1. Regarding residue 87, is this residue more than 21 Å from the chain's Cα centre (by Cα), assigned by TED's automatic domain parsing to the domain that holds residue 31 and at positive phi?
2. Mind listing whichever residues of segment 188-219 are within 23 Å of residue 12 (Cα to Cα) and crowded, with 17+ Cβ neighbours inside 10 Å?
3. Name the single residue that is surrounded by the most Cβ atoms within 10 Å (Cβ to Cβ) among those in segment 20-45 being among the polar types (S, T, N, Q) and under 26 Å from residue 77 (Cα atoms).
4. Please work out if residue 125 is more than 20 Å from residue 173 (Cβ to Cβ), of a type in the set (Val, Ile, Thr) and touching a residue at least 12 places away in the same chain (Cβ under 8 Å).
5. I'm trying to understand the selection: among the residues of segment 98-127, which are aliphatic (A, V, I, L, M) and under 21 Å from residue 71 (Cα atoms)?
Amino acid sequence: MRLYGIVGAGGFGRQVMPVATGMLEASLSPLDFEIVFVVEHGDTDPVNGYRVISDDEFLASTDKKHFNVAIADSHARERIADKFKAGGALPFSITATDNVCMDNNEIDEGAIFSPFTTVTSNTKIGKFFHANIYSYVEHDCQIGDYVTFAPNVHCNGRIVIEDHVYIGAGAMIKQGKPGQPLVIGRDAVVGMGAVVTKNVQPSTTVIGNPARPMKITSD
């Protein structure tokens, strides 16, 4: 028996669970695996008909364990992934049946590609990437580890997105130039609906069209 865990039973976790279940059912007998929600804290009542177990119970299981982390907080995602791998669990990627992935792409472990997502050609994507519904990654992009795309993100060609970046729903990132990619720095946040036309510095939040650093005002 193989035990598959989706860490996080919140909104995104509940959205990911049927995608993961359908993917596993297409390749494994229902008698060969169980898929469960895994939580670090809180209630373990069933959610949407699936068992919910603690992280300690999951890691203590003698079954062959596989996991993914459906939590938007990228630093929590990294911490949990490191903990579960140290505990002997193996990452697995989750890809919707209607995801389009073209050729010559390198995609690292633990990715989640929700329905209606697309990756075209010659991209490199790091660990535990989240692509929510209707998002796409165009040609010649490089995406770091623990990057999060909310729904309907438009990531056009020749873009570098460093580790732990969060891109808000409906954001659009302008295509870079050959030899001069548009770069979004580590830990940056791109706000919902922003239109990014130039580089974003690390640990900076940008909003608007065109996107500019968010100003902090005091009363």
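The values are calculated or read from the model by the stated rules, or taken from the named source; none is laboratory data. Computed from a predicted structure; not experimentally measured. Backbone-built Cβ (ideal geometry, glycine too); neighbour counts: all protein chains shown.
1. Values: more than 21 Å from the chain's Cα centre (by Cα): yes; assigned by TED's automatic domain parsing to the domain that holds residue 31: yes; at positive phi: no.
It is false that residue 87 is more than 21 Å from the chain's Cα centre (by Cα), assigned by TED's automatic domain parsing to the domain that holds residue 31 and at positive phi.
2. In the first step, residues of segment 188-219 are kept if they are within 23 Å of residue 12 (Cα to Cα); the result is 188-194, 205.
Once the filter is applied, which keeps residues that are within 23 Å of residue 12 (Cα to Cα) and crowded, with 17+ Cβ neighbours inside 10 Å, segment 188-219 yields 188, 189, 190, 191, 194, 205.
3. Pass one, segment 20-45, residues among the polar types (S, T, N, Q): 21, 27, 29, 44.
Cutting the leftovers down to under 26 Å from residue 77 (Cα atoms) gives us 21, 44.
Values: 21: 17, 44: 15.
The selected residue is 21.
4. Numbers: more than 20 Å from residue 173 (Cβ to Cβ): no; of a type in the set (Val, Ile, Thr): yes; touching a residue at least 12 places away in the same chain (Cβ under 8 Å): yes.
In short, no.
5. At the first step, the residues of segment 98-127 found to be aliphatic (A, V, I, L, M) are 100, 102, 107, 111-112, 119, 125.
If the condition is that a residue be aliphatic (A, V, I, L, M) and under 21 Å from residue 71 (Cα atoms), then 107, 111, 112, 125 are the ones that fit.
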